[in-house]
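Read through the structure below, which is laid out as structure tokens, and then see the notes.
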There are 2 protein chains.
Amino acid sequence: MPKSVTFDRDKVIENVMELFWKKGYNGTSMQDLVDATGLNRSSFYNSFGDKFSLFEETLKTYQKQQNEMLQESFTQAKTPKQAIISLFKGISDDIRSGNQKGCMFTSCTAELGGENKQIHDFLVDNKDKVVNSFATLIRQGQQMGEINERKDAETLALYLFSSLQGLRLTSMIEPNLEAVTEEILSIL
Amino acid sequence: MPKSVTFDRDKVIENVMELFWKKGYNGTSMQDLVDATGLNRSSFYNSFGDKFSLFEETLKTYQKQQNEMLQESFTQAKTPKQAIISLFKGISDDIRSGNQKGCMFTSCTAELGGENKQIHDFLVDNKDKVVNSFATLIRQGQQMGEINERKDAETLALYLFSSLQGLRLTSMIEPNLEAVTEEILSIL
């Protein structure tokens, strides 16, 4: 009878996510994954399938975490506009305090968004979900009169998404983005 | 006496640049490079050094091309503000017409900006140069009264840089960015 392998799956996924985020999909070797999981290759394949399947699993975990962060900043804010402002300010404060890791999805888009159809479709779907969340908040803010009603909510939402990508990417080479964040938000 | 190898170096660099841009640094194998250059491994190493040296050479070629494109759109425009608008509109038109390749520097930042000190420093230096070009135009536009004088030129320049990164990255998963580009430019 084969020895059964016991390990904390969530903890392993978390470690592997950090690794893929830092080194990228192609930059992460099978040996890196074996080291990060603490499993031998045979147990690795039995538990996670191949490298690509594990990468997809980490993307879904990251999406869940990002979504929880988004929802948390939205429920804590007093108004829809405040929710958007607090999300962006939280990110620029985080960058200012030394986080230069960027965003796993930003890096994944750059590396595989144009190369792998499955990843491309996942990223398009994620973008649609984030843009929809922003658009809902913007429409609510417009109804309350705190966001310019003459602007198209869908356009503003996509503008916020694109600006967020820019901020997260630029943070890898420039830590001082508070004033830029203010400019981004000034059009609301 | 060894056979001398003759080839069009500029053409080879151009091919290799496309390859690194599309597949990323880590996603490009030695075999890919041998295929793209048409050289055998020994001639490859004699002509270009290692993979990393060749990558650095393509980054410098890309920087030169981007800089020429920037200068061209600046000299053709009637005013400084028009120069900035025409650069951004050119990019969003290009995206709309089907170019989803993003930007080589955007992809390079995501892949190696946090991982490789030499590449990080190159990208910081490139960012400073682009931001300086934007800031010069913004100050000229402010002196002419066509750009809001109360805004800080350096901040606006970094905002444009960050917005450009966002546009180029988002273009890999969303082709319709004309309205977003209008919003980005609306704060000038």
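Please go through (1) within 24 Å of A:Asn26 (Cα to Cα); (2) at the interface with another protein chain (Cβ under 10 Å from one of its Cβ atoms); (3) surrounded by fewer than 19 Cβ atoms within 10 Å (Cβ to Cβ) for B:Gln118 and return the number of the only condition it doesn't satisfy.
In the conditions (1) within 24 Å of A:Asn26 (Cα to Cα); (2) at the interface with another protein chain (Cβ under 10 Å from one of its Cβ atoms); (3) surrounded by fewer than 19 Cβ atoms within 10 Å (Cβ to Cβ), B:Gln118 misses (2) alone.
Inspect all residues belonging to the stretch A:21-36 and state whether any of them is within 14 Å of another protein chain (Cβ to nearest Cβ) and at positive phi.
Yes.
Residue check: is A:Gly27 in the same structural domain as A:Glu182 (by TED's automatic domain parsing) and crowded, with 17+ Cβ neighbours inside 10 Å? Step through it out loud before you land on a result.
Values: in the same structural domain as A:Glu182 (by TED's automatic domain parsing): no; crowded, with 17+ Cβ neighbours inside 10 Å: yes.
In short, no.
State whether the residues of the stretch A:83-101 include one that is at the interface with chain B (Cβ under 9 Å from one of its Cβ atoms) and aliphatic (A, V, I, L, M).
Narrowing the stretch A:83-101 to residues at the interface with chain B (Cβ under 9 Å from one of its Cβ atoms): A:100-101.
Still in the running and aliphatic (A, V, I, L, M): none.
Checked against the condition, which is being at the interface with chain B (Cβ under 9 Å from one of its Cβ atoms) and aliphatic (A, V, I, L, M), the stretch A:83-101 yields no hits at all.
Which ones in the stretch A:157-183 are β-branched (Val, Ile, Thr) and out of contact with any Phe, Trp or Tyr (no Cβ under 9 Å at 6 or more places or on another chain)?
Matches in the stretch A:157-183: A:Ile173 only.
Which of the residues spanning the stretch B:134-152 are facing another protein chain (nearest Cβ under 9 Å) and either buried (at least 19 other Cβ atoms within 10 Å of the Cβ) or of a type in the set (Asp, Glu) (or both)? Break it down stepwise before answering.
Restricting attention to the stretch B:134-152, the residues satisfying the condition of being facing another protein chain (nearest Cβ under 9 Å) are B:151-152.
Selection gives B:Asp152 alone.
Restricting to the stretch A:111-123, give me the number of residues that are under 17 Å from A:Gly166 (Cα atoms) and more than 13 Å from the chain's Cα centre (by Cα). Can you show your working first?
Filtering the stretch A:111-123 down to residues under 17 Å from A:Gly166 (Cα atoms) leaves A:111, A:113, A:123.
Going one step further and asking which of them are more than 13 Å from the chain's Cα centre (by Cα), we end up with A:111, A:113.
Residues flagged as under 17 Å from A:Gly166 (Cα atoms) and more than 13 Å from the chain's Cα centre (by Cα) within the stretch A:111-123 amount to 2.
Each row is one residue, and each column tells you yes or no for (1) basic (Lys, Arg); (2) surrounded by 19 or more Cβ atoms within 10 Å (Cβ to Cβ).
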site	(1), (2)
A:Lys60	yes, no
A:Gly90	no, no
A:Glu154	no, no
A:Leu160	no, yes
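Could you go through the stretch B:138-145 and let me know if any residue there is modelled with pLDDT of 95 or more and not in a helix (DSSP H, G or I).
Checked against the condition, which is being modelled with pLDDT of 95 or more and not in a helix (DSSP H, G or I), the stretch B:138-145 yields at least one hit.
Out of (1) assigned by TED's automatic domain parsing to the domain that holds A:Gln143; (2) surrounded by fewer than 21 Cβ atoms within 10 Å (Cβ to Cβ), the odd one out for A:Thr106 is which?
A:Thr106 satisfies every listed condition except (2).
So, A:Ser86, is that one surrounded by fewer than 19 Cβ atoms within 10 Å (Cβ to Cβ) and either touching a strand residue (DSSP E or B) at 6+ places or on another chain (Cβ under 6 Å) or of a type outside the set (A, V, I, L, M) (or both) or not?
Details: surrounded by fewer than 19 Cβ atoms within 10 Å (Cβ to Cβ): yes; either touching a strand residue (DSSP E or B) at 6+ places or on another chain (Cβ under 6 Å) or of a type outside the set (A, V, I, L, M) (or both): yes.
Yes; evaluated as a whole, the condition is true for this residue.
The values are calculated or read from the model by the stated rules, or taken from the named source; none is laboratory data. Bear in mind that the values here come from a model prediction, so they are computed numbers and not experimental data. Note that each Cβ is placed from the backbone with ideal geometry, even for glycine, and that neighbours are counted across all protein chains shown.
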